[in-house]
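A.B. asks: Just passing along the structure, written as structure tokens.
The values are calculated or read from the model by the stated rules, or taken from the named source; none is laboratory data. Please read these numbers as outputs of a predicted model, since none were measured by experiment. Note that we place each Cβ from the backbone using ideal geometry, even for glycine, and neighbour counts take in every protein chain shown. Remember, those area values only see protein heavy atoms, side chains included, never the ligands or the DNA or RNA. Shrake-Rupley method; radii C 1.70, N 1.55, O 1.52, S 1.80 Å.
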Amino acid sequence: NVKIGLLLEEKFDVKSNGTHFLIGRIIKVILPEEVLENDGKVNLEQAGSLTVSGIDSYHETKLIERLPYAKV
């Protein structure tokens, strides 16, 4: 439900395992308006989003804690 459009900035070949490390710049974010909170945080649990680790593992999101940070 949350879609992120990236522009490829750099690509590095990882010789040790034959993979690639990609760096992208976010150029577009598409998400349902109701998952955007008043302070700009995206509520991933409410969006029903999944996460991925590695090539074949998918997980549901669950907020553990939200920490304060310095805002400018």
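A.B. asks: Largest first, please: the extent of the C-alpha atoms of the chain along each principal axis, to the nearest Å.
C.D. replies: 44, 30, 25 Å, listed from the longest principal axis down.
A.B. asks: Please calculate how many Å² of accessible area the chain carries per residue, with a 1.4 Å probe and no DNA, RNA or ligand atoms counted.
C.D. replies: Result: 93 Å² per residue.
A.B. asks: Apply the Karplus parameterisation 6.51 cos²θ - 1.76 cosθ + 1.60, with θ equal to phi minus 60°, to every residue of the range 48-61 and state each ³J(HN,Hα) to the nearest whole Hz, in sequence, with x for glycine and proline.
C.D. replies: Those phi angles translate into x, 7, 10, 10, 10, 10, x, 9, 9, 10, 10, 9, 7, 8 Hz.
A.B. asks: Between I26 and I55, 0.36 nm times their residue separation minus their Cα-Cα distance comes to what?
C.D. replies: Numbers: separation 29, 0.36 × 29 = 10.44 nm, distance 2.14 nm.
Result for the pair: 8.3 nm of gain on full extension.
A.B. asks: Quick one: with all protein chains in place, what share of the accessible area of the chain is carbon or sulfur, to the nearest percent (1.4 Å probe)?
C.D. replies: So the carbon and sulfur contribution to the accessible surface is 56 percent.
A.B. asks: Ordered by residue, what ³J(HN,Hα) values in Hz, to whole numbers, does the range 24-41 give under the Karplus form 6.51 cos²θ - 1.76 cosθ + 1.60, where θ = phi - 60° and Gly and Pro are x?
C.D. replies: Taking θ as phi minus 60°, the curve returns x, 10, 5, 10, 7, 10, 10, 7, x, 4, 5, 8, 8, 7, 4, 8, x, 5 Hz for the range 24-41.
A.B. asks: Exactly which trypsin sites (Lys or Arg not before Pro) in the chain are in a DSSP loop and have at most 13 other Cβ atoms within 10 Å?
C.D. replies: Of the trypsin sites (Lys or Arg not before Pro), the ones in loops of the chain whose Cβ has at most 13 other Cβ atoms within 10 Å are K15, K41, K62, R66, K71.
A.B. asks: Among the GluC sites (Glu not before Pro) within the range 3-72, which fall in a DSSP loop and have no more than 12 other Cβ atoms within 10 Å of their own Cβ?
C.D. replies: Sites meeting the loop and neighbour criteria: E37, E65.
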